Every structure is written in C-alpha cells, then in structure tokens.
1. Pick from the range 1-12 the residues that are assigned to a loop (DSSP other than H, G, I, E, B) and within 12 Å of the chain's Cα centre (by Cα): which of them is surrounded by the fewest Cβ atoms within 10 Å (Cβ to Cβ)?
2. Report whether or not Pro55 is under 10 Å from the mean Cα position of the chain (by Cα), at pLDDT 95 or above and not in a strand (DSSP E or B).
3. State yes or no: is Leu5 closer than 15 Å to Glu57 by Cα and either touching a Lys or Arg at 6+ places or on another chain (Cβ under 9 Å) or modelled with pLDDT of 95 or more (or both)?
4. Cβ contacts < 6 Å: first residue within 16 Å of Asp6 (Cβ to Cβ) and free of Cβ contacts under 8 Å to residues at least 40 places away in the same chain, restricted to the range 21-35; second residue in a loop (DSSP other than H, G, I, E, B) and of a type in the set (A, V, I, L, M, F, W, C), any location; separation 6+ or different chain. Result?
5. Filter the range 36-53 down to the residues that are within 13 Å of Ile3 (Cα to Cα) and in contact (Cβ under 8 Å) with a residue 24 or more places away in the chain and list them by number.
6. From the list Ser36, Ser20, which one is surrounded by 13 or more Cβ atoms within 10 Å (Cβ to Cβ), closer than 21 Å to Glu63 by Cα and modelled with pLDDT under 95?
Amino acid sequence: MKILLDRGKCTGLGICESLSPDVFEVDDDGALVLRSDVVPEGKLSEIQAAVTSCPTEALRLAEDRQP
C-alpha cells in the first residue's frame, strides 16, 4: 500500500509522527516528511491508526498498483 499526503491539508501537528515515528517526521519548519511512501511490512495497523487520527485528513492509503 502507498501512503498519500495532501500537503495543502497538512498542518504538521505530529499525531502521525507520534503513532508511527519510523514513517512520519515533522521537520523543524513544521512540514511533514514521509520517510517512506510505501507502508513497511508489519506496519499496516500503525499506519492506518496514523491516517485515521489525522484531524485534517491529509493522509490516506491507496493500493500500490504496479504494472
């Protein structure tokens, strides 16, 4: 699965970072950095929690479709 970020909606609150610090990081400027745009193996439930906890709905998951 892919992690999609809508930078226009993200306010850098850091809830996602607190739930999954291996994948999400809020930098010194308050911008969210995706350390990976693909859900790491074994982290799906952690990432889903981060996505559903985002108050601005800036995060979502999508199927990773490869040709």
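The values are calculated or read from the model by the stated rules, or taken from the named source; none is laboratory data. All figures in this text were calculated on a predicted structure; none of them were measured in a lab. Every residue, glycine as well, gets a Cβ built from its backbone with ideal geometry; the counts of neighbours run over all protein chains shown.
1. Among residues in the range 1-12 that are assigned to a loop (DSSP other than H, G, I, E, B) and within 12 Å of the chain's Cα centre (by Cα), the one surrounded by the fewest Cβ atoms within 10 Å (Cβ to Cβ) is Arg7.
2. Judged against the criteria, Pro55 is not a match.
3. Numbers: closer than 15 Å to Glu57 by Cα: yes; either touching a Lys or Arg at 6+ places or on another chain (Cβ under 9 Å) or modelled with pLDDT of 95 or more (or both): yes.
Yes, satisfied.
4. Every condition considered, the pairs that remain are Leu32/Cys10.
5. Across the range 36-53, the qualifying residues are Ser36, Asp37, Val38, Val39, Leu44, Glu46, Ile47, Ala49, Ala50, Val51.
6. Ser36 is the lone residue from the list that is surrounded by 13 or more Cβ atoms within 10 Å (Cβ to Cβ), closer than 21 Å to Glu63 by Cα and modelled with pLDDT under 95.
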